[in-house]
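The values are calculated or read from the model by the stated rules, or taken from the named source; none is laboratory data. Remember, it's a predicted structure, so these values are computed and weren't measured experimentally. So basically every Cβ, Gly included, is an ideal-geometry build from the backbone, and we count neighbours across all protein chains shown.
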C-alpha cells in the first residue's frame with residue numbers, strides 16, 4: 001500500500017488591498033503623464049533660442065551675442081543712485097544682484113582681529129619713527145565705525161554680487177558696448193571684469209531663475225548696498241515754480257521753475273485728445289498767479305474760457321475783425337538802442353519774410369526789388385535813420401504797392417499783392433495796428449481765418465510779439481499752439497527758431513505745441529527747436545510717430561510702449577537731463593476752466609442754460 005505523504009494542493013485566493021490597487025493605478029497614470037509630456041511644448045521650448053554657442057567670453061544665442069560683466073571692487077564712498085546711468089542706458093541689459101547675509105557675531109570677531117592688526121602696525125610705525133600712514137588711519141576709523149553700527153543694529157553685513165549681461169547683434173558691437181559699460185563703471189571708480197570661460201554661468205546668473213553660478217562677491221554693509229538700488233526715478237520737486245503734475249514712480253509732486261534751466265522753452269508733442277492743451281492751460285493759470293505775462297497764439301479758440309476767467313485780453317484776428325496788426329510797424333526801440341538804421345533794417349527783414357510767405361516763390365531778382373521797394377516805402381513816410389521814431393506814421397500795404405507800381409519788373413509781384421489791398425483778403429494786412437497788449441494774459445485767435453492765411457497771420461503775430469518782448473525785459477511765456485502750421489514754410493519756421501534761439505536773452509520762454517510730430521520734425525528747424533528747449537512734455541503718441549519720437553528723445557522700449565498706451569494726461573516730462581513719468585493733475589475748479597472735452601463742455605453749457613432758465617422763472 002502506498003501512501004501519498006504530500007498534502008493535496010489547494011487553490012489560494014490572493015486578496016489585493018484597495019490601497020495597493022490605487023498605488024498601481026497612480027503609477028500607471030504617472031507613466032502615461034510622462035509619455036504625454038514628451039509631446040507637449042513647454043514654456044522652456046518657447047523661450048529657448050534656436051541654438052546656443054559658448055565662446056570663451058560670450059554666448060551666441062541664435063543671431064544675438066551676449067556677454068556678462070561682474071563687479072570686483074568698489075571705492076571707499078559710493079553716491080546714492082550711482083548705478084542709475086547703467087540702468088538707464090539705451091541698450092538691452094539684464095542685471096542681477098545677490099545678497100548673502102553674514103551673521104553679525106562672525107563679522108565682529110573678524111573686525112576685532114583686524115583692528116588689532118592695524119593698531120599694532122600704527123604703533124610699530126610710531127615707535128620706529130616712520131611717517132604717519134593716512135590710509136591705515138582712515139581704515140581704522142572705518143572699521144571702528146562699522147563695529148559700532150553692527151553692534152547697535154544700524155548696519156547689517158552682506159556678501160554682495162552684481163552681474164550685468166548685455167546683448168548685441170555682432171561681436172564688434174558687443175566689444176563697443178563692453179568698452180562703454182566699463183567706462184561708465186570706471187567713472188564711478190568701480191572695477192569690473194568680463195567673464196572668461198564662464199560665459200554660460202554668467203548668463204544663467206542674470207536670467208530670472210535666481211541662481212548665482214558665478215559666486216563672485218564683495219563684502220559690503222547695508223548702506224553701500226543700498227546705493228546700488230537700481231529703481232530710481234528722477235525727483236523733479238523744487239522749492240519754486242509751478243505744479244506740472246504727479247510723478248507716477250513715487251507719487252511726488254513735479255514742481256518746476258522753467259526759467260531755472262539754461263532756457264525757459266518747452267515743446268509738447270501728443271496726439272489729438274491726449275491732453276496737451278489741457279496741460280498748457282493749467283500751466284498758464286498757475287504762472288499767472290506768480291506774476292508772469294503770457295501771450296498765446298490760439299488756432300482753435302480753445303483759450304477763450306481761460307482768458308475770460310482771469311480777465312485777459314482776447315483778440316480775434318480775421319478779415320472782418322476790427323483787430324488789426326500792421327506788418328510795416330517799426331520795431332520798438334530796445335533798451336540801449338539808439339541807431340535808427342538798425343530799426344529800419346529789422347522792419348524790412350520782418351516784412352520781407354511775410355512777403356515771401358504771401359508770394360510763395362521769390363526769385364533773387366524779385367528779392368532785391370522787394371528790398372529796395374521797402375526802403376523807399378519807409379522813406380516816403382519820412383522814416384529815415386535820422387527821424388524821430390516817436391512821431392512817425394508807419395506805412396501800410398497800399399503805400400508799398402504804390403512804390404512797386406513805379407518800378408520796373410514788379411508786375412507779377414503787384415498782381416499777387418492786389419488781393420491783399422483790393423481783393424478778398426484786403427482786411428488783413430492793409431490797416432494800421434489797432435490791438436493793445438497791456439494785460440498779463442493776451443490771446444490771439446486765428447480760428448476764423450482761412451487755412452491759406454493762417455501761416456501768414458501767425459508769422460505776423462509772432463513778429464509783433466517779438467517787438468513787444470524786445471522793448472522791455474519781463475518774464476513772459478509765448479504759447480504757439482498747433483505749431484506744425486508754421487513749420488510748413490521755411491521763413492515762418494526760421495522765425496520761430498529765431499524766437500527760441502534769442503528769447504532767453506529777453507526773459508522769454510516759448511512753448512511749442514503740436515500733434516503732427518512728423519511734419520514738425522521733418523523741418524530742419526523743428527529738430528533745432530527741440531534741442532534748444534530745456535523742457536519737453538510727451539503725452540500719448542500715434543504708432544506712425546512713435547519711432548521718430550523714440551529716436552529724437554532717446555526713449556527706452558518701455559517708455560515707448562508707455563507713450564503708445566498712455567491715457568489722457570499721462571506721459572513723460574523732461575526737465576534738462578532728468579525725466580519722469582507724469583500725470584497732469586488738476587483741481588475740480590481748474591478742470592472746469594481748462595477742459596476741452598466736448599462732452600464736458602456740453603454739460604457745462606446745459607447746466608448754465610438751466611440756471612439761467614431758473615433765474616428767469618423766478
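Summary of values
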quantity: Hits in the stretch 50-60 (condition: under 15 Å from residue 168 (Cβ atoms) and assigned to a loop (DSSP other than H, G, I, E, B)); calculated: 55, 57, 58
quantity: Any hit, the stretch 155-170, residues being free of Cβ contacts under 8 Å to residues at least 40 places away in the same chain and in contact with a strand residue (DSSP E or B) (Cβ under 9 Å, 6 or more places away or on another chain); calculated: no
quantity: Identity of the residue in the stretch 539-564, surrounded by fewer than 17 Cβ atoms within 10 Å (Cβ to Cβ) and part of a loop (DSSP other than H, G, I, E, B), that ends up modelled with the lowest pLDDT; calculated: 556
quantity: Scan of the stretch 194-213 for residues that are surrounded by fewer than 12 Cβ atoms within 10 Å (Cβ to Cβ) and touching a residue at least 60 places away in the same chain (Cβ under 8 Å), ordered by number; calculated: 196, 197
quantity: Per-region count, the stretch 407-429, residues within 16 Å of residue 352 (Cβ to Cβ) and more than 48 Å from the chain's Cα centre (by Cα); calculated: 2
quantity: Flag for residue 204 being part of a strand (DSSP E or B) and more than 32 Å from the chain's Cα centre (by Cα); calculated: no
quantity: Which listed residue is surrounded by 14 or more Cβ atoms within 10 Å (Cβ to Cβ) and over 38 Å from the mean Cα position of the chain (by Cα), from 453, 449, 404, 357; calculated: 404
quantity: Residue 571 vs. criteria crowded, with 16+ Cβ neighbours inside 10 Å, in contact with a helix residue (DSSP H, G or I) (Cβ under 6 Å, 6 or more places away or on another chain) and part of a strand (DSSP E or B); calculated: no
quantity: Residue match in the stretch 518-529 (condition: assigned to a strand (DSSP E or B), in the same structural domain as residue 266 (by TED's automatic domain parsing), touching a strand residue (DSSP E or B) at 6+ places or on another chain (Cβ under 7 Å) and at pLDDT 90 or above); calculated: no
quantity: Filter result for residue 577 (surrounded by fewer than 20 Cβ atoms within 10 Å (Cβ to Cβ) and over 29 Å from residue 491 (Cα atoms)); calculated: yes
quantity: Failed item, numbered, when residue 213 is tested on (1) touching a helix residue (DSSP H, G or I) at 6+ places or on another chain (Cβ under 6 Å); (2) under 27 Å from residue 558 (Cα atoms); (3) part of a loop (DSSP other than H, G, I, E, B); calculated: (2)
quantity: Criterion (assigned to a loop (DSSP other than H, G, I, E, B) and either more than 19 Å from the chain's Cα centre (by Cα) or surrounded by fewer than 22 Cβ atoms within 10 Å (Cβ to Cβ) (or both)) met by exactly one of 474, 505, 494; calculated: 474
quantity: Strands (runs of 3 or more DSSP E) (entirely within the stretch 236-307) containing at least 3 residues that are in the same structural domain as residue 474 (by TED's automatic domain parsing) and crowded, with 23+ Cβ neighbours inside 10 Å; calculated: 266-269, 293-298
quantity: Test for residue 319: is it in contact (Cβ under 8 Å) with a residue 12 or more places away in the chain, touching a helix residue (DSSP H, G or I) at 6+ places or on another chain (Cβ under 9 Å) and in a helix (DSSP H, G or I); calculated: no
quantity: Unmet criterion (only one of (1) over 26 Å from residue 226 (Cβ atoms); (2) in a loop (DSSP other than H, G, I, E, B); (3) out of contact with any strand residue (DSSP E or B) (no Cβ under 6 Å at 6 or more places or on another chain)) for residue 118; calculated: (2)
quantity: Residue within the stretch 450-457 that is within 24 Å of residue 323 (Cβ to Cβ), in a loop (DSSP other than H, G, I, E, B) and either modelled with pLDDT of 90 or more or not assigned by TED's automatic domain parsing to the domain that holds residue 521 (or both) present; calculated: no
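Per-residue answers, yes or no, for (1) touching a residue at least 24 places away in the same chain (Cβ under 8 Å); (2) surrounded by 12 or more Cβ atoms within 10 Å (Cβ to Cβ):
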| residue | (1), (2) |
| --- | --- |
| 92 | yes, yes |
| 96 | yes, yes |
| 101 | yes, no |
| 107 | yes, yes |
| 116 | no, no |
| 124 | no, no |
